[in-house]
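Working notes for the structure below.
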Amino acid sequence: MTEQSCVSVEILKEIPLFGDGDTLEGRLRNVKLKGFPDIKIYEKANFESIYLDSNEIKDYLHTPQQRVYKDHLMRIDSLFRIFFNQFGIDITNLDKAYDFIATSETGINTDWTIIPPIVERFFIPKTDNGQFDYSKIIGEELNEELKKRNLKINPEVYGLEYSSENGFFNLINDGSHRIHYGLENNGIGIIQISNMTPGFPYYAVPQRYNVKIFNTREEAINLPETKIHILESPGHKDLYRLFPSGGIKSGNVRPQ
């Protein structure tokens, strides 16, 4: 993986967010799970475009990981300026998605699709003790796979705060650095997805938006992990959603 900033952009295609044909909605309906390639997690889901101001980001959203990196935020700022100066496109408030070629500072060209950050809205029940009760939303197919591999729910799940008054969580799936960039710059537009294929919850536990900034990933590499997977390893990544081109979450130019 390269860690080079994007210095120029060539837009190949504009993609409407919703509707028929080649749209972001259509692409998202084909998103699969890493460990269950036959499952289309958003095949029959509902999609909504929402704009959140800085205060709403903190109050409305949950995060899978409570850290971001300053070097990524700087790359996003550079990407924002390229899109805005070249095309008049505000990547913090996208009304379309875009297939594009990004050129790095050393001349490397890579293909990308930039999409609004993705947030899943879902209900998680809680136990009588007020803890997350994932056992009630893990479906039969996932349960059978866990039994075959002798895997269980990650015990760390039970030590986390259940931070929702009504049981619904709006959890960032893709674009966490762009969302934090939006928090620092008056807001951001997101795509909120609800009514996902049941039985396959998001892979990480939602936590309050209490994000800390580190200069680089290396600076935080020896600190305790803040992302808590809901399944024990090696099944902990099976529920990863495989997004179309990743949405260039940090502004890095890197191989797909």
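Numbers below:
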read-out: Qualifying residue in the stretch 216-228 (condition: in contact (Cβ under 8 Å) with a residue 40 or more places away in the chain, over 30 Å from Phe80 (Cα atoms) and in contact with a strand residue (DSSP E or B) (Cβ under 7 Å, 6 or more places away or on another chain)); value: yes
read-out: Filtered residues of the stretch 180-210 (kept if among the β-branched types (Val, Ile, Thr) and farther than 12 Å from Asn170 by Cβ); value: Ile188, Thr197, Val205
read-out: Qualifying residue in the stretch 137-155 (condition: surrounded by fewer than 12 Cβ atoms within 10 Å (Cβ to Cβ) and among the small types (Gly, Ala, Ser)); value: no
read-out: Out of Asn129, Asn109, sole residue that is out of contact with any strand residue (DSSP E or B) (no Cβ under 9 Å at 6 or more places or on another chain), surrounded by fewer than 18 Cβ atoms within 10 Å (Cβ to Cβ), of a type in the set (S, T, N, Q) and without any contact (Cβ under 8 Å) to a residue 40 or more places away in the chain; value: Asn129
read-out: Those residues of the stretch 28-58 which are under 19 Å from Pro198 (Cα atoms) and assigned to a helix (DSSP H, G or I), in sequence order; value: Leu28, Arg29
read-out: Ser104 touching a helix residue (DSSP H, G or I) at 6+ places or on another chain (Cβ under 6 Å), among the small types (Gly, Ala, Ser) and more than 23 Å from Asn195 (Cα to Cα); value: no
read-out: Residue count, the stretch 1-27 (criterion: within 16 Å of Thr113 (Cβ to Cβ), part of a strand (DSSP E or B) and out of contact with any Lys or Arg (no Cβ under 9 Å at 6 or more places or on another chain)); value: 5
read-out: Residues located in the stretch 89-102, provided they are within 21 Å of Gln4 (Cβ to Cβ) and buried (at least 18 other Cβ atoms within 10 Å of the Cβ); value: Ile91, Tyr98, Phe100, Ala102
read-out: Residue match in the stretch 69-77 (condition: in a strand (DSSP E or B) and free of Cβ contacts under 8 Å to residues at least 60 places away in the same chain); value: no
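To keep it simple, each residue is scored yes or no on (1) surrounded by 15 or more Cβ atoms within 10 Å (Cβ to Cβ); (2) closer than 25 Å to Arg208 by Cβ; (3) modelled with pLDDT under 95.
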site	(1), (2), (3)
Asn30	no, no, yes
Phe36	yes, no, no
Leu52	yes, yes, no
Ile57	yes, yes, no
Thr63	yes, yes, no
Phe87	no, no, no
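So that you can scan it fast, the table gives a plain yes or no per residue for (1) more than 20 Å from Ile228 (Cα to Cα); (2) not in a strand (DSSP E or B):
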{"site": "Ile172", "(1), (2)": "no, no"}
{"site": "Arg178", "(1), (2)": "yes, yes"}
{"site": "Leu183", "(1), (2)": "yes, yes"}
{"site": "Ile190", "(1), (2)": "yes, no"}
{"site": "Met196", "(1), (2)": "yes, yes"}
{"site": "Phe200", "(1), (2)": "no, yes"}
{"site": "Asn210", "(1), (2)": "no, yes"}
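The values are calculated or read from the model by the stated rules, or taken from the named source; none is laboratory data. Keep in mind that what you see is a predicted model, and the values were worked out from it rather than measured. Please note: Cβ atoms are built from the backbone with ideal geometry, for glycine as well, and neighbour counts cover all protein chains shown.
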